[in-house]
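Report on the structure given below.
Laboratory data are not the source of any read-out in this text; all were calculated from the coordinates shown. Predicted, not measured: the structure shown is a model, and the values here were computed from it. Cβ sites come from the backbone with ideal geometry, for glycine too, and all protein chains shown count toward neighbours.
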């Protein structure tokens, strides 16, 4: 019996879960922006075109007004994979905004590639930048630091690292979107994730309404790091109704 359970768990972790995208819905209508945002994170693209096609189709099926990406487009700073993944993003049919993750190659040249790809969608690559989108502001941080939100309208922040939620600010953000943690990628039932990367802190996955810097949502990502395994932690796309 134990061997059957072990075999089933291995099949789930290696074959089923890594390809079984979960769609999470988040109600932030209280912001009164009137837009549907879809967040994806941690693609960790390694050259699999089928992955790009599947994720892209799933994103557009969610009918977003805007798409938000929270870092780690590729794995291990791979330049060839970056070119292909950015070409994929450049074909998105809705304005797409994003920030870099710790696995993304960030050089003067690649920053221009990022900017060009996101601009083609009508969006922008937010390298420590703030945009006024008419009634709301979108901030992007490449570090675990962020500018003070401006008063008078909703302020949303994209940052790869969940620990940014611990920032002490004079005014909190209306909503922070992050990734990086993969939710642990492997989670033990009733225990949780035994290992998470740096920059996560106590924010491993899901919504944290009481984070000091403002409500924080940690997306567990759609890709895998190092080994193609997920267990009790399916890939995720998040629809945020604002």
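Per-structure values
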item	result
Likely footprinting exposure, 180, 25, 81, fewest C-beta neighbours within 10 Å first	25, 81, 180
Beta bridges per DSSP with both ends in the stretch 2-241, % antiparallel, nearest 5	30
Cα centroid separation - the stretch 27-75 against the stretch 166-242, whole Å	15
Nearest 10 degrees, 0 to 90: helix 2-11 Cα axis against the chain principal axis	40
Fewest-first sequence of 148, 209 by Cβ atoms within 10 Å of each Cβ	209, 148
Footprinting exposure proxy for 225, 198, 118 (fewest neighbouring C-beta atoms within 10 Å first)	198, 225, 118
Value at 222 nm in deg cm²/dmol, rounded to 500, when DSSP H runs of n ≥ 4 in the chain each add -39,500 (n - 2.57)	-6000 deg cm²/dmol
Label-point separation in nm, residue 107 to residue 151, each point 7 Å along Cα→Cβ	4.6
Over the chain, relative contact order from alpha-carbon pairs under 8 Å, at least 6 apart, %	27
Residue 30/residue 62 FRET efficiency (R0 30 Å; Cβ-Cβ; nearest 0.05)	0.90
Gaussian network model of the chain, springs between alpha carbon atoms under 10 Å - residue of 66, 40, 28 with greatest fluctuation	28
